[in-house]
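Worksheet for the structure shown next.
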Amino acid sequence: MKTNRILILSALSGLSLFFACEPAKPKHQENHNKTEESLSSNRVVLFENDYAQAIRVTLNPGEELPPHEGKSRLIYSISDYTIDWAGEGDAPLVRNWKKGDIHVHEEGGLSLKNSGSTQAEWIAFTRKEGALPTTSGQNLEADLTNLNPNPFKQLFDNKQFVVTEVNLAPGKTIPLHDGLPRLVYSLSDYSIRYQGPKEETMEKSFQKGTVHWHDAGPHAIENIGNTEAHFLIVGYK
């Protein structure tokens, strides 16, 4: 009996030493986890593949995104809002954005606060590090200048992205043309007949707020629905 008591006490002492010696989680790791949890509650991944990602971000009035690292990204505003924006080590700047505005943030640390009275909502389009699929030409407007009415309106163009808004009326077509690797963000519900680079034809329906991907290559589109096909093309260079 005495031997058993000694063995039990020894085991308990060993457990106490084990837990006392267990290394505490670094404080920066705890802060990182809290930041990730906070960011996750405000973000919804709309689309992601090997080449690109699209995330919808929502901030209620007074709500903040804590300091975090961000990749180079294109921002498309889907509401009117006011943001206190601070880069790493910088004083906050007040910025006002309107629905449909487009701007780019370079890679780096930042923090955000919705300092306005309306919900702030935008989509962040980013490119991943892998090489993009390519095709010859890669010119979205190739041979399309004579369309009447022309459904294309270029909204933004820099060394990384080209953004084009498309409004295609029911029954109208966009003839075969080349296209960049791209994400397409639906601004309305619509149905189209799509001819791909291998001349395959398929009918597709898209809902407002959804995002899908197209590889680079020639394609043609016909609006086969009863509503205007309204969408945003974010081409990756």
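The values are calculated or read from the model by the stated rules, or taken from the named source; none is laboratory data. Just so we're clear, the structure is a prediction, and the values are computed from it rather than from any experiment. All Cβ positions, even for glycine, are placed from backbone atoms using ideal geometry, and neighbour counts span all protein chains on display.
Results, tabulated for the structure shown:
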{"item": "Failed item, numbered, when residue 178 is tested on (1) closer than 22 Å to residue 47 by Cα; (2) crowded, with 18+ Cβ neighbours inside 10 Å; (3) among the charged types (D, E, K, R)", "result": "(1)"}
{"item": "Matching residues, region 94-123, being within 18 Å of residue 61 (Cβ to Cβ) and either touching a Lys or Arg at 6+ places or on another chain (Cβ under 8 Å) or of a type in the set (A, V, I, L, M, F, W, C) (or both)", "result": "94, 97, 112, 120, 121, 122"}
{"item": "Matching entry among 164, 145, 134 (being farther than 23 Å from residue 74 by Cβ and either modelled with pLDDT of 85 or more or not assigned by TED's automatic domain parsing to the domain that holds residue 69 (or both))", "result": "145"}
{"item": "Qualifying positions in region 150-188 - of a type in the set (S, T, N, Q) and either touching a strand residue (DSSP E or B) at 6+ places or on another chain (Cβ under 7 Å) or within 20 Å of residue 216 (Cβ to Cβ) (or both)", "result": "154, 158, 160, 164, 167, 173, 186, 188"}
{"item": "Check on residue 210, under 19 Å from residue 56 (Cβ atoms) and not assigned by TED's automatic domain parsing to the domain that holds residue 77", "result": "yes"}
{"item": "Pair list, Cβ under 6 Å, 6 or more apart: region 211-228 residue surrounded by fewer than 17 Cβ atoms within 10 Å (Cβ to Cβ), other residue hydroxyl-bearing (Ser, Thr, Tyr) and assigned to a strand (DSSP E or B)", "result": "227/190"}
{"item": "Filter pass, residue 122 being modelled with pLDDT under 95, of a type in the set (Phe, Trp, Tyr) and either in a strand (DSSP E or B) or surrounded by fewer than 16 Cβ atoms within 10 Å (Cβ to Cβ) (or both)", "result": "no"}
{"item": "Spans of strands (runs of 3 or more DSSP E) in region 153-212 with at least 2 residues among the hydrophobic types (A, V, I, L, M, F, W, C) and under 18 Å from the mean Cα position of the chain (by Cα)", "result": "161-168, 182-186"}
